[in-house]
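First comes the structure, then the notes that go with it.
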Amino acid sequence: MNEKAALSLDLGGTNVRVVAVTESGKILSRQHSPTGSTSAGEIYDEIARLAERCKEEAGVFEFAAFGAAIPTTTIGDNGELAHLPNIPQLEGTDISRELGLRTGLKIVAVNDASAATLGEHWLGASKGALNAVGITLGTGVGGGLIVDRRLYVGTGGGAGEIGHIRLVPGGRPCGCGGKGCLEQYCSATAIVRSAGEIGLAAGTARDVFDLAASGNAAATAIFSEMGSYLGLGLSIVNNLFSPDIIVLGGGVASGWEQFFPATEAALYENSLPDRRSRVKIVRALLGDDAGVLGAAKYTFQQL
Ligand SMILES: [Zn+2]
């Protein structure tokens with residue numbers, strides 16, 4: 001094979017996934033295992049094992065580097081990780097050193113939502129756009145920015161934290177230490193919380209969606225409120241960055257029909273007049289592969 005290939009990691013709170021990807025975006029092999037609540041050393045050992053298995057399955061002799069999509073707001077210049085609420089045992093560890101020692105590869109770490117945004121821009125819903133924004137609506141809310149066709153990561157690698165736009169002064173407390181963040185109104189966790197506050201029996205956001213889809217007025221109102229908050233957040237992003245396209249991914253995006261009419265209305269109402277109708281809002285196309293593909297693309301760009 002003449003094409004370069006890289007390994008790519010998606011380090012999630014639930015699963016660790018490693019894939020081998022070519023420079024044109026073909027996934028050659030995939031491996032995954034549960035993240036577990038083991039020590040940092042054991043997690044890094046497991047990632048190295050998955051990488052080794054991926055290497056065997058892909059039949060690739062040599063990889064150019066190892067990309068890593070990490071759920072953190074800050075990645076130090078040398079790969080030190082800070083603030084990982086979902087995998088706290090890795091806080092303060094140096095992923096470049098730990099995985100570099102175990103695999104012999106150069107490690108390129110990037111925020112997971114930034115990676116997903118770049119993945120969608122490379123091969124998915126915002127392919128070819130000049131300026132794009134990606135938003136992941138999951139357990140939390142992540143975001144990423146494509147500016148002039150390049151991923152913009154900002155100083156410290158944490159740009160695009162759309163989930164922590166303060167929408168409601170003095171509102172719901174957030175894991176970041178602030179109050180009223182968008183994430184507290186638009187994530188799966190927030191939907192379940194809203195349901196609990198009005199005594200609706202729902203263990204997951206999917207349960208609330210099913211209730212709404214079957215005509216339950218209280219559940220419908222929860223999605224409509226969530227959609228309005230999201231639209232207000234998107235209007236801030238739209239006014240600030242004037243993107244061509246905003247891509248919505250993550251599990252909550254599958255509730256689109258319940259929340260999107262309110263999102264569109266709030267986006268229109270709060271955007272500057274010249275860009276009310278210009279920005280396109282679309283659903284992500286790559287699902288769980290967006291992060292690993294984006295981390296791989298970012299890695300190829302750093303070589
Ligand atoms: Zn926050």
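The values are calculated or read from the model by the stated rules, or taken from the named source; none is laboratory data. Keep in mind that this is a model prediction, so the values were computed, not measured. Every residue, glycine as well, gets a Cβ built from its backbone with ideal geometry; the counts of neighbours run over all protein chains shown.
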(message) Any residue at all in the stretch 235-250 that's away from the ligand (no atom under 15 Å from the Cβ) and over 25 Å from Leu286 (Cα atoms)?
(response) yes
(message) Which numbered condition in (1) near the ligand (Cβ under 10 Å from one of its atoms); (2) in contact with a strand residue (DSSP E or B) (Cβ under 9 Å, 6 or more places away or on another chain) is the only one that Gly140 fails?
(response) (2)
(request) State whether the residues of the stretch 38-59 include one that is touching a residue at least 60 places away in the same chain (Cβ under 8 Å), surrounded by fewer than 18 Cβ atoms within 10 Å (Cβ to Cβ) and not basic (Lys, Arg). (result) no
(request) Sort out which residues of the stretch 78-91 are touching a Gly at 6+ places or on another chain (Cβ under 9 Å) and charged (D, E, K, R), and write them in order of number. (result) Glu80
(request) Those residues that are within 16 Å of the ligand (Cβ to nearest atom) and either in contact (Cβ under 8 Å) with a residue 24 or more places away in the chain or over 24 Å from the mean Cα position of the chain (by Cα) (or both), I need them from the stretch 182-210; list them, please. (result) Leu182, Glu183, Tyr185, Cys186, Ser187, Ala188, Thr189, Ala190
(request) Taking the options Leu286, Leu303, name whichever one is modelled with pLDDT under 95, of a type in the set (A, V, I, L, M, F, W, C) and over 15 Å from Ser235 (Cα atoms). (result) Leu303
(message) Quick test of your reading of the structure: Asn216 fulfils all but one of (1) over 25 Å from Ala116 (Cβ atoms); (2) within 16 Å of the ligand (Cβ to nearest atom). Name the failing condition by number.
(response) (2)
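Rundown of residues vs (1) without any contact (Cβ under 8 Å) to a residue 40 or more places away in the chain; (2) over 21 Å from Gly12 (Cα atoms); (3) touching a strand residue (DSSP E or B) at 6+ places or on another chain (Cβ under 9 Å), yes/no style:
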position	(1), (2), (3)
Thr93	no, no, yes
Glu98	no, no, yes
Thr103	no, no, yes
Lys127	yes, yes, no
Cys174	yes, no, yes
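Residues are listed down the side, and each one gets a yes or a no for (1) over 22 Å from Gly143 (Cβ atoms); (2) modelled with pLDDT under 95; (3) not assigned by TED's automatic domain parsing to the domain that holds Gly138:
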| residue | (1), (2), (3) |
| --- | --- |
| Thr72 | no, yes, yes |
| Gly76 | no, yes, yes |
| Leu81 | no, yes, yes |
| Gln89 | yes, yes, yes |
| Glu98 | yes, no, yes |
| Thr103 | yes, no, yes |
| Ile107 | yes, no, yes |
(message) Please verify whether Leu145 is touching a Leu at 6+ places or on another chain (Cβ under 6 Å) and either in the same structural domain as Ala82 (by TED's automatic domain parsing) or in contact (Cβ under 8 Å) with a residue 40 or more places away in the chain (or both), treating the condition exactly as stated.
(response) no
(message) Quick check on my filter: what residues within the stretch 162-178 are among the charged types (D, E, K, R) and within 8 Å of the ligand (Cβ to nearest atom)?
(response) Arg166
